[in-house]
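Quick notes on the structure that follows.
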Amino acid sequence: MVYAYEEKTGSVSRWSSETRYRILLELNNAIVTCKSREDLFTALSKELQRHFLYDRLCIMLYDDKLHTITYFAAADGIQPSGIVARKSRPLADGAIARMAIQSKQPVIFDDLTRYTDLSSVGELVKAGLKSTMVFPMIVRDQLLGTIHFSFRSAPDGVTELTELLQALSLQIAIAVENMMAYTSLKNSNQHLLEEKQYLLTHGREYQSTDFFFASSQMNRIMEIVDQVAATDETILITGETGTGKDFLSRLIHDRSERRDNLFVKTNCPGLTSSLFESELFGHAKGAFTGADRKRLGRFELADGGTIFLDEVGDLPLGLQAKLLQVLQDRRIERVGESTSTEVDTRIIAATNKNLIESVRAGQFRQDLFYRLETVTINVPPLRERLDDIPLLINNINASESERMNRPAPVYTDDALDFLRRYNWPGNVRELKNMVKRLIILNPGSLINESEIKRTFPVTMASIDQLEDFATRDQAERDHILQALAATGGVVGGKHGAARLLGIPRSTLQYRMKKLQIEPSEQFSVKPH
Ligand SMILES: Nc1ncnc2c1ncn2[C@@H]1O[C@H](COP(=O)(O)OP(=O)(O)O)[C@@H](O)[C@H]1O
Ligand SMILES: [Mg+2]
């Protein structure tokens, strides 16, 4: 035992066994209904203060892995300066708490002024405290931390007081442990609620068996998918819009050990600078105006799972630096919190941009590019994997008909052959939209070449004309119409035809006017 006190002689027992029993009972009654650490601490302190007349009470939690101590709640009574509540600090060699933690015994100092060389004593003495009694909190052989009672002048009957406070410490330790379990349950409950909310708003029909391919290029890609799925490697998926980048990233997640945790998709261009950090990393309650409660970021939601950063090439430069930092440290810092949290999240990024060019143009950080591109999967456009076209049409036709609860149309061989010659600027997305539209318009019927031309006069019917190359204006007109059809008539924005064609929206609008292209019915099928 670490005792540093001189017993005053002649003290008589102040606490009969009835009194002790009553104190215990009152203490328990006072704390059973507490719902937060602060509540519990206040209730404890109020009860104990009535009997023991100390000048300061504090409860410290000990983290045996990090070897740090943290206040369970703000201390009650005299506040020595230089002590910041709620912040973890390393357990200094000369700390009184350390003695109680190492010996697992009470540590009593009846005259602190003689021990000011110990690290934590100086501030106590300066604050006018003369003696202190520290008790370890031990529950089921686990050391939770310490309870500190401090006094302006040494109390009477220290031996008896020590014995009684030691008995009470066990009760306090149990209450503290219960509260920690309660708050941690409450936290994981909140985590679950947020996960659920996320799934409800982002849940999409996705079935891994709905991914179809036949071409040698896609077979090779699927081999790579299987190889990388098993690792935690960061993956970059590149390819034109509609080639299946989203789908592939989900497949990788599904085939990895992470499949039982969340796949969290984040659309990078949709993140404004000011929201980016709190969206990805979460924020503390009160971190900024409107942050009325703590919020988990997407990286934390995807803990144990995968985060998918779509259109990563469109991330503003300032935010690229922050992303790079997470990739390097695997730790995130919630907005408004000073400590960082480790996250175990697999990162998959996708882009339809040529990132090497973006790096050259100074729009994408080179160091971030190198971090991302270790494993790159480049998905070829549909026109470069013709073998996939008939298979995709037949399978998507079957599965979408079933989903829509309509009899599937049947494609003739010459229709399929015809569609292989089309250049599919919108890739599989465009193909899927075409198939869906034909299911709606021709349920259960035969689909031949002329039916397709009749349904899609501006895009498909022009294939042959395009081959003849009529005039330059006509070719351009057709090209624009194809792009418009692929985007369902949307001109500007992320999914717009201007972007598909790689020209500014205003230029496209100007050309459309010149070539007398009017937004029409043809484009009414919205892209998925
Ligand atoms: N190989 C495929 N088999 C079935 N559907 C596919 C395939 N590739 C893409 N799709 C579908 O095409 C649409 C566009 O795919 P998506 O993954 O969103 O493309 P991207 O992210 O490259 O723009 C989605 O509806 C997707 O389900
Ligand atoms: Mg996508």
Taking the condition of being acidic (Asp, Glu) and surrounded by 20 or more Cβ atoms within 10 Å (Cβ to Cβ), how many residues in region 92-110 meet it?
1
Among the residues of region 188-207, is there at least one that is more than 14 Å from ligand 2 (Cβ to nearest atom) and modelled with pLDDT of 85 or more?
no
Inter-residue pairs, beta-carbon under 8 Å, first touching a residue at least 24 places away in the same chain (Cβ under 8 Å) and in region 476-498, second acidic (Asp, Glu), 6+ apart:
Ala485/Glu430; Ala486/Glu430; Lys494/Glu311
For Leu271, all conditions in the list (1) within 16 Å of ligand 1 (Cβ to nearest atom); (2) under 21 Å from Gly496 (Cα atoms); (3) surrounded by 14 or more Cβ atoms within 10 Å (Cβ to Cβ) hold save one; what is the number of the exception?
(1)
Any residue at all in region 422-430 that's away from ligand 2 (no atom under 16 Å from the Cβ), in a helix (DSSP H, G or I), under 36 Å from the mean Cα position of the chain (by Cα) and not assigned by TED's automatic domain parsing to the domain that holds Leu236?
no
Can you name the residue in region 279-295 that is at pLDDT 80 or above and crowded, with 19+ Cβ neighbours inside 10 Å and is also farthest from Thr241 (Cα to Cα) among such residues?
His283
Do the conditions hold for Leu24, that is, is it surrounded by fewer than 20 Cβ atoms within 10 Å (Cβ to Cβ), touching a residue at least 40 places away in the same chain (Cβ under 8 Å) and more than 21 Å from Ala154 (Cα to Cα)?
yes
So which residues in region 133-153 are surrounded by 18 or more Cβ atoms within 10 Å (Cβ to Cβ), touching a residue at least 60 places away in the same chain (Cβ under 8 Å) and not aromatic (Phe, Trp, Tyr)?
Met137, Leu144, Gly145, Thr146, Ile147, His148, Ser150
Of the residues that sit in region 223-273 and are of a type in the set (Gly, Ala, Ser) and touching a Pro at 6+ places or on another chain (Cβ under 9 Å), which one is farthest from ligand 2 (Cβ to nearest atom)?
Ser273
Which one of Asp246, Asp254, Asp329 is touching a Lys or Arg at 6+ places or on another chain (Cβ under 8 Å) and not hydroxyl-bearing (Ser, Thr, Tyr)?
Asp246
Give region 342-353 a look and list any residue that's touching a residue at least 24 places away in the same chain (Cβ under 8 Å) and either surrounded by fewer than 17 Cβ atoms within 10 Å (Cβ to Cβ) or in a helix (DSSP H, G or I) (or both), or say none.
Asp344, Lys353
Of all residues in region 339-353 being within 16 Å of ligand 2 (Cβ to nearest atom) and among the polar types (S, T, N, Q), which is nearest to the chain's Cα centre (by Cα)?
Thr351
Pull up region 359-378, narrow it to residues that are of a type in the set (Val, Ile, Thr) and away from ligand 1 (no atom under 16 Å from the Cβ), then point me to the one that is nearest to Leu251 (Cα to Cα).
Val375
Being of a type in the set (S, T, N, Q) and under 27 Å from Ala95 (Cβ atoms) is the filter here, so list the residues in region 15-73 that pass it.
Ser36, Thr42, Ser45, Gln49, Thr68, Thr70
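Here is a yes/no grid of residues against (1) part of a loop (DSSP other than H, G, I, E, B); (2) more than 16 Å from ligand 1 (Cβ to nearest atom); (3) more than 21 Å from the chain's Cα centre (by Cα):
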{"position": "Leu323", "(1), (2), (3)": "no, yes, no"}
{"position": "Glu337", "(1), (2), (3)": "yes, yes, no"}
{"position": "Glu357", "(1), (2), (3)": "no, yes, yes"}
{"position": "Ala398", "(1), (2), (3)": "no, no, yes"}
Output the qualifying pairs, or none if there are none: Cβ atoms under 7 angstrom, residues six or more apart or on different chains, first residue in region 254-270 and assigned by TED's automatic domain parsing to the domain that holds Arg346, second residue surrounded by fewer than 16 Cβ atoms within 10 Å (Cβ to Cβ) and of a type in the set (A, V, I, L, M).
Ser256/Ala230
Lone qualifier among Arg371, Arg383, Arg365 - being of a type in the set (D, E, K, R) and over 26 Å from Phe281 (Cβ atoms):
Arg383
Restricting attention to region 212-255, which residues are among the small types (Gly, Ala, Ser), closer than 24 Å to Leu431 by Cα, part of a helix (DSSP H, G or I) and in contact with a Ser or Thr (Cβ under 9 Å, 6 or more places away or on another chain)?
Ser249
Failed condition for Gln366, given (1) surrounded by fewer than 16 Cβ atoms within 10 Å (Cβ to Cβ); (2) in contact with a helix residue (DSSP H, G or I) (Cβ under 6 Å, 6 or more places away or on another chain); (3) in the same structural domain as His479 (by TED's automatic domain parsing), with all others met?
(3)
Taking Ala302 as meeting all but one of (1) touching a strand residue (DSSP E or B) at 6+ places or on another chain (Cβ under 9 Å); (2) surrounded by fewer than 18 Cβ atoms within 10 Å (Cβ to Cβ), write down the number of the exception.
(2)
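The values are calculated or read from the model by the stated rules, or taken from the named source; none is laboratory data. None of the values given here were measured: they were computed from a predicted structure. Note that each Cβ is placed from the backbone with ideal geometry, even for glycine, and that neighbours are counted across all protein chains shown.
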